[in-house]
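Okay, so here's the structure we're looking at.
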Amino acid sequence: MKNLKNSKTSGISLVALIVTIIVLIILTAAVIVTFMEGGIIDRAKEAVFKSDIRTYQEILAVKNAEKQIELATGNGEGGLYNATELAEIQEIIPEFKEEYKDLIAISNGEIVLGARSDEPYSTWLAELGIVAGKTGDETVNTPTVHNGIIPEGGIYYVSVEEDTAVGDYSGATKILYAGDSFPETVNTGDVYVYGDYEYRYNMFWYEIWSYGSNSNYWSMHILNPDKTEYGIILEEINGVPMRNMEWAFRYSNIITAPTIPNSVENMYAAFAYCDSLEDGPIIPNSVVFLEWTFRDCISLTGEIEINATNLTYSDCFAGTVQPIVLTGTCPILSEIAATAVDEFGNPSGNVTVKNINN
């Protein structure tokens, strides 16, 4: 009887072991299916990818800031890092991974889409706000800042009277030249002249500019409307952002627009009546007013990238006659395209929309 009992116990233990193994196999298979169908591996890969890109953006921002400090202190040429080749990118960001070659590039001091647009990377990049950017020679006019020491060619006029004409600084209470420090505080009426532009603090030229950021800003305007090319537009002066480009280039002979700084909010009629303008700028996300921006620009053609997402845009392309294609991350490109009307208010149909991922 004792032997029979031991044999029965051994049989039960063997069956239990087999059942346990089968259950484990089923559970393992279920876990594998969950991983595969639930996209856990893909999500992990996406998280690593986005983390890498954010790291590159942060490193690049630090490098750009260092160059701006060099410019402000007179110890370097300033500007922004710009690269389209992997070797140049690796020089700026040593951790740059080979798998991202041609997927992203550096343009205008920012990470932008490269020549390759493989999925799912393009979707992940779009979620990070990475879009196409101008590369090569087009990045010469990159926005920069002027803080600390006034650089060569810069002149700062303190407290110029309001409503004076462009170029009239006779009422200034003090004039600071290259090598002098920018004033400790910025006052309404201060004017800074550098390159092709005049910048005025808390002053506009033609229209009433009233919205959330209508104080503590610089406005810019061209000094000479007869030029066909214009240089760098400053993004920040003496610690204050340049926000207002209202009527900045109107009636000028400009052919190619310079890069618009990411600080700009008001582009009301910025290029209105510029008959010679052929190549429009990228409109950054910071822009709020895009009304009349390209009014009667009869030579304007090609692609125009609009990345602003919260703006007013009435008559933005009214009076344009050449084929124009809108692209970018702006969700209302079709509505903006519809502002292309003739002198009688009839749709001209010359402005169309292209999806950035096409």
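Considering only protein heavy atoms, what per residue accessible area in square angstrom results for the range 288-343 with a 1.4 angstrom probe? Write out the running numbers ahead of the final one.
Numbers: 2140 Å² over 56 residues.
Ligands and nucleic acids excluded, the result is 38 Å² per residue.
Close amide H partners of Ile283, meaning residues 5 or more places away or on another chain with modelled amide H under 5 Å apart, are Glu305, Ile306, Asn307. Over the C-alpha atoms of the range 210-345, the Rg to Rh ratio, Rh being the Kirkwood estimate, stands at 0.94. How much net charge surrounds Glu119 when only other residues with a Cβ under 12 Å from its Cβ are counted (Lys, Arg +1; Asp, Glu -1)? Summing Lys/Arg as +1 and Asp/Glu as -1 gives -2.
The values are calculated or read from the model by the stated rules, or taken from the named source; none is laboratory data. Values in this document were obtained by computation on a predicted structure and should not be read as measured data. All Cβ positions, glycine included, derive from the backbone under ideal geometry; neighbour counts span all protein chains shown. Accessible surface areas use protein heavy atoms only, side chains included; no ligands, DNA or RNA. Shrake-Rupley method; radii C 1.70, N 1.55, O 1.52, S 1.80 Å.
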